[in-house]
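The values are calculated or read from the model by the stated rules, or taken from the named source; none is laboratory data. Worth saying up front: this structure is predicted, and the values here are computed from it rather than measured. No Cβ is skipped: glycine too gets one built from the backbone with ideal geometry, and neighbour counts run over all protein chains shown. Calculation scope for accessible area: heavy atoms of the full protein, side chains included, ligands and nucleic acids excluded. Shrake-Rupley method; radii C 1.70, N 1.55, O 1.52, S 1.80 Å.
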Amino acid sequence: MKKHNFSAGPCILPQEVLKKASQAVLNFNNDNLSILEISHRSKAFVDVMENARALALELLGLEGKGYKALFLHGGASTQFLMVALNLLEKRAGYLNTGTWSDKAIKEAKIYDDVYEVASSKNANYNYIPKGYDIPSDYDYFHCTSNNTIFGTQMKKYPKSPVPMVCDMSSDIFSRTIDYSQFDLIYAGAQKNMGPAGTCLVVVKEDILGKVSRKIPSMMDYKVHISKGSMFNTPPVFPVYVSMLNLQWLKNLGGISEIEKENEKKARLIYSEIDLNPLFKGYASKEDRSMMNATFNMTNDNLKETFDTMLEEAGINGLNGHRSVGGYRASMYNALPLESVGILVDVMSELERKA
Ligand SMILES: *Cc1c(COP(=O)(O)O)cnc(C)c1O
């Protein structure tokens, strides 16, 4: 039996997607070749790339609004510097809500002035700062929608007077927000979109081409746009699996349908965390993430028992990140509600036993 996979990333994918992907490794499109051994310039793969790019824009509601979707190499971490190289002329503002924002700030600082408009670092990032200002002379404002490690999520976005850039690696395609409030969105595939190896970038074309520096070709969004996201050999297989997953999501009814499931999962786990005296949530309640629920045990002596029970129930990937400790239940789109039910049963069983 398949395990209940709460892994934070690389993460769970729908079984149906895994089946189609494995079939394509052996025989893609009934053409008696593997997807791994055909040219990325073949019509079969160009169709995959075009379909994946179109699906991303369609699901986000950004078709025909001046955006381009790209599937790039190098993960979200490469976007930390690519954003700065392409958009940072003088100064930019960053909201520091966790390890990933912190890393984005560090990379951007290599190129120019970067200011933290607000930070929750002093509270080990257990909340999202609010009520800060974004000066109108900044080149852009950068935020992280969901803090995978700490389990906080932005529920509201500021009205930014400058282009807004968002790292959505761990909650893209999970909830209905107005995606057109952002000028650039990026997301490493391996949290909520596909396997590791590609990063989705959705960028509004009119914010590009405004910096004076020379940008190396591989780092230049305009180069990738002009080549249809095929400037060099793209990450063929991760793009294909991402396409299958976006197709799966579309067939389910899109983001608004999966959001209902995600809300049910989140309600279930957080109500157990709040009612069960053996557990305590990490993130402040109003900022709790619908994707990653972080919690600690109130009695560490029960840890071994709990861990054994988790294993017996076939639960995988529940350990918290080392900077928070405790546990983290990552509940990405493909995780069934039933898996959260099993986890909650184990938690209440522990309470009965203790
Ligand atoms: C995992 C993660 C990253 C890093 O992604 P890579 O693809 O490993 O570079 C960046 N931002 C967030 C919010 C993440 O969860």
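Lys2: which lysines have alpha carbons under 16 Å from its alpha carbon, excluding same-chain residues fewer than 8 sequence positions away? Within reach: Lys19. Distance between the modelled labels on Glu351 and Asn251, one decimal in nanometres: 3.8 nm (7 Å Cα→Cβ projection). Within straight-line reach of Lys90, meaning a Cα separation under 12 Å, sit the following aspartates and glutamates at least 8 residues removed in sequence or on another chain: Asp112, Asp113, Asp137, Asp139.
Using the heavy atoms of the protein chains alone and a 1.4 angstrom probe, what is the accessible area of the range 237-297 per residue in square angstrom?
In whole numbers, the range 237-297 has 39 Å² accessible per residue.
Is the C-alpha gyration tensor of the range 254-353 telling us rounded, prolate or oblate? Criteria: a/c under 1.5 is rounded; beyond that, a/b larger than b/c is prolate, otherwise oblate. Because a/c hits 1.5 or more and a/b exceeds b/c, the range 254-353 counts as prolate. Just the protein heavy atoms count here, and of the accessible area of the range 123-254 at 1.4 Å, carbon and sulfur take up 51 percent. Taking R0 as 30 Å, what FRET efficiency do you get between Glu116 and Asn51 from their Cβ-Cβ distance, rounded to the nearest 0.05? Computed FRET efficiency for Glu116 and Asn51: 0.15. For Lys121, the aspartates and glutamates whose Cα comes closer than 14 Å to its Cα, not counting residues fewer than 8 places off in the same chain, are Asp102. Considering only protein heavy atoms and a 1.4 Å probe, what is the carbon-and-sulfur percentage of the accessible area of the range 15-74? It is 52 percent, rounded to a whole number. Were the residues from Arg267 through Glu286 laid out at 0.36 nm apart, the gain over their Cα-Cα distance would be 5.5 nm.
One Cα centroid belongs to the range 199-219, the other to the range 297-354; the line between them spans 42 Å. Projected label points at Ser39 and Val25, each 7 Å from Cα along the beta carbon direction, are separated by 2.6 nanometres. Computed from the Kirkwood radius of its Cα pairs, the Stokes-Einstein diffusion coefficient for the range 15-252 at 25 °C and 0.890 mPa s stands at 133 µm²/s. Per-peptide packing, taken as the mean over residues of other Cβ atoms within 10 Å, places 326-338, 45-57, 27-39 in the sequence 326-338, 45-57, 27-39 from highest down. Rank Tyr240, Tyr115, Tyr282 by mean-square fluctuation in a GNM of the chain with C-alpha springs under 10 angstrom and give only the top-ranked residue. In the Gaussian network model the winner is Tyr115. Relative to one another, the C-alpha centroids of the range 61-91 and the range 98-142 are positioned 17 Å apart.
Which of the peptides 211-219, 122-130, 160-168 is most tightly packed, and how do the rest follow, judged by the mean count of other Cβ atoms within 10 Å per residue?
Answer by packing, highest mean first, reads 160-168, 122-130, 211-219.
Counting only DSSP H runs of at least 4 residues, each contributing -39500 (n - 2.57), and dividing by the residue count of the chain, the helix-based mean residue ellipticity at 222 nm comes to -11500 deg cm²/dmol.
For a 28 Å ceiling on Cα separation, which of these pairs sit above it: Lys68/Lys156; Lys106/Lys264; Lys43/Lys250? Check vs 28 Å cut-off fails for Lys106/Lys264.
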